[in-house]
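What follows is one structure encoded as structure tokens, with my remarks underneath.
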Amino acid sequence: CQAYVVHAANFLLPGSPTQIEAIEEERSFFGRADLILSADIKDDTNQVSRHAYIWELKSPQCYLFEMDTENRSRPTKEFFQAENQLLHYFHEATGNERFRERVRVMSQDNIHIGGIIIGTSGRRLRNSDQIEKAETARKVREKYLYNGHSVRIITWDRIVDFVRPS
């Protein structure tokens, strides 16, 4: 599925990106980042600057959440792993001058966490039909962990919908 993601760059990047470049399996001290999208992005004052967004990919077969208690769900091992990888790759990228030179993004402030692409709409909650528990868990994580850094959690079927010809 990784090959499809590059075709969804306009969906994954904010604004109206131009000069988009994709780097797959970028090696760092902490491992290999699955996908880095760099692009020139115009801001609201019509100024263009180079930005890079780091994405972690897990397979469509992965579930996002599983039940934790009767009333609460938690991220699966794969989801936790993706979060952990993403944080470490972002930390490394912001402090690594050679990486910033390669992606032509010299300001640490222009390196961003893009997000995680994992599972499908039908794989939001493992071994349960209480989907509302998974939605609550996702909304809580977005509110308290992700929104401050504009981190996105996207399912593979959403990517396929974007890249599918009309």
Q: Mind grabbing the accessible area of M67 for me, 1.4 Å probe, Å², rounded to tens?
A: 50
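Just the number, please: carbon plus sulfur as a percent of the accessible area of the range 56-166, 1.4 Å probe, no ligands or DNA/RNA counted. Don't skip to the end; give the middle numbers.
On the way: 3010 of 6520 Å².
Percent of accessible area from carbon and sulfur atoms in the range 56-166: 46.
Suppose accessible area is computed on protein heavy atoms with a 1.4 Å probe; arrange T69, T155 from highest to lowest.
Details: T69 60, T155 25 Å².
Largest to smallest exposure gives the sequence T69, T155.
Can you tell me the order of 5-15, 83-93 when each peptide is scored by its average per-residue count of other Cβ atoms within 10 angstrom, highest first?
Numbers: 5-15: 16.9, 83-93: 18.7.
Descending mean neighbour count gives 83-93, 5-15.
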Q.
At R0 = 30 Å, how high is the FRET efficiency between V140 and D161 if r is their beta carbon distance? Nearest 0.05 is fine.
A. 0.75
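Any idea of the accessible area per residue across the range 48-166, 1.4 Å probe, to the nearest Å²?
On the way: 6730 Å² over 119 residues.
Here the per-residue accessible area is 57 Å².
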**Q.** Mean-position separation - Cα centroids, the range 1-53 and the range 78-149, in angstrom
**A.** 14
**Q.** Ellipsoid semi-axes in whole angstrom, largest first, where each is sqrt(5λ) of the Cα gyration tensor of the chain
**A.** 29, 17, 15
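The values are calculated or read from the model by the stated rules, or taken from the named source; none is laboratory data. Everything quoted here is computed from the prediction, not taken from an experiment. A quick note on method: Cβ atoms are made from the backbone with ideal geometry, for glycine too, and the neighbour counts reach across all protein chains shown. Ligands, DNA and RNA are stripped out before the accessible areas are found, and what is left, the full protein with its side chains, is counted by its heavy atoms. Shrake-Rupley method; radii C 1.70, N 1.55, O 1.52, S 1.80 Å.
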